[in-house]
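Below is one structure, written out as structure tokens; the observations come after it.
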Amino acid sequence: MSSPPGTDHGWAGSRRLLRLLRDLMKGSGTSQTRLDKVVELIAQDIVAEVCSIYVMRSGDVLELFASKGLKPAAVHKTRMRVNQGLVGLIAAQARPVALADAQSHPNFAYFPETGEEVYQSLMGVPIMRGGRVLGVLVVQNRTQRNYTEEEVEALETVAMVLAELLAGDRMLDLTAGTPGGGAEVMPGRLSGMVLNEGLAIGTAVPHQRGIVITQVVAEDPDAELVRLDEALGEMRDALDVMLARSEVARDGEHREVLETYRMFADDRGWLRRMHDAVRGGLTAEAAVQKIQNETRARMAAIKDAYLRARLADLDDLGNRLLHHLLRPDAGREEALPDDVVLIAGDLGPAELLDYDQSRLRAVVLEHGAPTSHVAIVARALQIPMIGRCEGIATEVREGDTVIVDGETGQVLLRPSEAVRAGFVESMAAKERQKAAFRAVRTLPPVCTDGTKISLMINAGLMIDLPHLQEVAADGIGLYRTEVPFMIRDSFPDVETQTDIYGRILDAAGGKPVVFRTLDVGGDKVLPYWRGHDEDNPAMGWRAIRIGLDRPALLRRQLRALLHAAAGRSLSLMFPMVSDVAEFEAAKDLLRREIDREKAFGGRLPAEIKVGAMLEVPALALQLPQLLPRCDFVSLGTNDLVQFLFAADRTNPRLARRYDSLSPAVLTFIRDIARQAAEHGVPLTACGEMAGHPVEAMALIGCGLRRLSMAPPAVGQVRTMVRALEVDSLERRINQLLTLPDHSIREQLRSFASDHDIPI
């Protein structure tokens, strides 16, 4: 809703009104008296019968704090919850509402004590500061009034100024307490999504603390524009210096995302909106914060992980720009504790790099996603990170002790001394365990009876590749080709893909790499290519189904794989194959690309192995027809288990309802393994089951000899394998699979304990 340069921003954008508000709030009198004058001034200036300020109280309750036009008795008496009524809707969505006929809106709620039934039109905007909704500013008129976009934007400017003035007056501190307050100092537990594994304990540090805007209204807009442009130039220079730092200068996806991030600093739309805000009467820093508030409101309404990540990058740039404008205390870094657990709503990759890595123990985000830019950089720097931890920004206070369990996704706030001591011991035990795993990393994963088990890793980014040597894995059993696609802004061409796959093969150093062709759809959506919305995307148009419906897309990927593996061995597999006909159709596309290379005199791989990913139960019923046609089969246990139980693995109500170690699942897998062995076709498990010692032991007992897992799991699985006697395990498994039990997990644990198998 921004306007082009030179546009009249209307009544609310006038510098006169902003100055009057500033002077009024700085005047004498109680806070309540000044607020009463504020609403009167705004109502008079915009020719509205009503102007009201609602302030957010604890418990997500909005209280009428001041009003011109509503009945005086309603002030401090009228309260509503977030999402209740139009005012609650504005607070919930953090977005403005402008209605000529407010009473006809389905969210309209009548509060008889206010006397507002005579007012027809309503315009309201959130009062926001630091991405948090502090209240709502509302104007109302008796007649049906069509508020213009310029008026809405102007009222947003007033609300932003009001937020800074209220915060500076510490009026909002009066609203923080409620009966029973003090609960915030009690220990707490929150859950989130693991973005990077690891354990940490440290001191909570809210991100970007201490940025306070003292000057909101511009005295000289032209001078403010100069300040803004100078700060933008300084920020760009600082980003260039950051990109040259040694820890991020090496190649990899983290480097690519940082360079993409640097491009956002030149985003024309972002720059234009800030310039417009300055022309509307704000200082440079107030303009930046206004645009930040709008960006954060958009982030709150967007569920798409990719789009949220892009908006988070803009928010990050806004914070950096504020630092260049305000030049906060340079001693902030020195004041940080030595064990920082960084707390943020969202975080950009450059902001993460701003912190001293020697002090940073972990990061906890309210938002975030595994493919977000900051998560990729965190993995490159080996910093534990938990995202989607709802409520962390409000539940934790600066200086609180925080435990971050990057294995389970748990965040413990203000733990007791006993819990803290126990976690410290767990961390020490984990370090001892890692040392033990490192000690056996060069020992072969061979069972006590001589059975060789191949241990491989799953990967999806270049930063995963060093783990191949670190854990002494036999190769990469699953390379997820879609992950590099998901962190880009456009579909990579053949040359780009060839470069990616070639670098993967180079980094593997001659060890086998199994490339899975593009597996998108469901929960993995390419930002630049949208499919149709589906009621059940996990069982919809995804993976090989997309590849066969869009053969040009799949052929380009196959062409790139052939080019990258020229003269070397190439192993590739097709995901989500449902029947043999689909597998043959995909192989036919591969044959066409091979023929094309021959026609053009291209250099082909020395060897090509083609496999299928068995995730759909129907394919198991066609194994006699499939196995003679493929070189290997991989079990995608994540999807396979959810399809067997018809249970969405992302549904929290079903997450623990069914166990992968059920007789049904293991019998199914055992039958697949037997058929694969009869045909001499290698079978690999590459889902989550392979990375847990108990599950891995069960898979071996069902006949599997090849396991692919996350790199951190290799050490503990190797240790388990070296203590295992396969014949006795298989006999016990066969006995257990006859039971009508929901799960045989405890029986397998008992078996491991009886045979001194570390799990």
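Mind listing which trypsin sites (Lys or Arg not before Pro) in region 565-641 are in a DSSP loop and have 14 or fewer other Cβ atoms within 10 Å?
Hits after loop and neighbour filter: R603.
How far apart, in nm, are two points set 7 Å out from the Cα along the Cα-to-Cβ line at K434 and at E230?
4.7 nm
Just flag the chymotrypsin sites (Phe, Trp or Tyr not before Pro) in region 571-668 sitting in loop per DSSP whose Cβ has no more than 15 other Cβ atoms within 10 Å.
Here the chymotrypsin sites (Phe, Trp or Tyr not before Pro) that fit, given the DSSP loop and packing criteria, are F600.
By average Cβ neighbour count within 10 Å, what is the ranking of 362-368, 460-466, 732-738 from highest down?
362-368, 460-466, 732-738
Between E730 and W541, what is the label-point separation in nm under the 7 Å Cα-to-beta-carbon projection?
So the two model labels end up 4.6 nm from each other.
By average Cβ neighbour count within 10 Å, what is the ranking of 108-117, 403-412 from highest down?
403-412, 108-117
Can you run phi through the Karplus equation (6.51, -1.76, 1.60; θ = phi - 60°) for region 108-117 and list ³J(HN,Hα) in whole Hz, with x for Gly and Pro?
Each residue of region 108-117 in turn: 4, 10, 8, 10, x, 5, 8, x, 7, 5 Hz.
Note down the relative contact order for region 657-738 as a percent, whole number, built from C-alpha pairs under 8 angstrom at least six residues apart.
The normalised contact order for region 657-738 reaches 33 percent.
Would you please give the residues with an amide H less than 5 Å from that of L62, counting only those at least 5 places away or on a separate chain, with H modeled from the backbone geometry?
For L62, the qualifying residues are R57, M80, R81, V82.
Modelling each spin label as a point 7 Å along the Cα-to-Cβ direction, I'd like the V419/T442 distance in nm, to one decimal.
In this crude label model, V419 to T442 measures out at 4.3 nm.
Can you work out ³J(HN,Hα) from phi for every residue in region 144-160, in order, using Karplus 6.51 cos²θ - 1.76 cosθ + 1.60 and θ = phi - 60°, giving whole Hz and x for Gly and Pro?
6, 10, 8, 6, 7, 4, 5, 5, 4, 5, 5, 5, 4, 4, 4, 5, 5
I need the calculated FRET efficiency for the pair E149 and R19, taking r as the beta carbon distance and R₀ as 22 Å, to the nearest 0.05.
0.40
For T30 and E219 in the same chain, what is the full-extension length gain: residue separation times 0.36 nm, less their Cα-Cα distance, in nm?
65.3 nm
Hey, which of these cross-link pairs are over 28 Å Cα-Cα: K430/K609; K434/K511; K71/K290; K511/K587; K37/K77; K77/K290?
Going by Cα-Cα distance, K430/K609; K71/K290; K77/K290 fall outside the 28 Å limit.
Amide H of C389 versus every other amide H placed in the peptide plane: which residues, excluding those fewer than 5 positions away on the same chain, fall under 5 Å?
M193, L365, E366, H367
Roughly speaking, what is the stretch gain from M193 to A238, that is 0.36 nm per residue apart minus the C-alpha to C-alpha distance, in nm to one decimal?
Difference between extended and current length: 13.0 nm.
What order do you get for 220-229, 387-396, 694-703 when each peptide is scored by the mean count of other beta carbon atoms within 10 Å, highest first?
694-703, 387-396, 220-229
Between H742 and E390, what length comes free when the chain is fully extended (0.36 nm per residue of separation minus the Cα-Cα distance, one decimal in nm)?
123.5 nm
Amide H to amide H under 5 Å from S571: which residues, 5+ apart in sequence or cross-chain, H placed 1.01 Å off N in plane?
Long-range HN contacts for S571: V513, F515, K609.
Residues of region 114-135 with backbone nitrogen within less than 19 Å of a virtual label 7 Å along the Cα-to-Cβ line of Q103, please, listed as ranges.
Inside the label zone: 114-124.
Name the residue from L548, L505, L455 whose Cα lies farthest towards the positive end of the charge dipole of region 440-754, charges +1 on Cβ of Lys and Arg and -1 on Cβ of Asp and Glu.
L505
FYI, it's all coordinate maths here, none of it is from the lab. Everything numeric here is computed off the predicted structure, so don't read it as measured data. In this analysis, Cβ positions are derived from the backbone assuming ideal geometry, glycine residues included, and neighbour counts consider all displayed protein chains.
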